[in-house]
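One structure is given below, encoded as structure tokens.
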Amino acid sequence: MVDQQERNRKKALIAFQIFIYGYLLVMFSIQLYMSFARGWWDL
């Protein structure tokens, strides 16, 4: 029974981490896109 709870907790932790990293990645991508759109980096 304890094993099941532990497994669920680990799964929730992994899902939470994926959510956080995904959010950070999206924020980073938006900022990168905005900087390109403003023409800061003319390649």
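Answer yes or no as to whether SER35 is small (Gly, Ala, Ser), surrounded by 10 or more Cβ atoms within 10 Å (Cβ to Cβ) and at pLDDT below 90. The answer is yes for SER35. Of all the numbered requirements in (1) surrounded by 10 or more Cβ atoms within 10 Å (Cβ to Cβ); (2) aliphatic (A, V, I, L, M); (3) more than 17 Å from the chain's Cα centre (by Cα), MET1 misses one, and that requirement is (1).
The values are calculated or read from the model by the stated rules, or taken from the named source; none is laboratory data. Because the structure is predicted, anything quoted here is derived from the model rather than measured. Cβ sites come from the backbone with ideal geometry, for glycine too, and all protein chains shown count toward neighbours.
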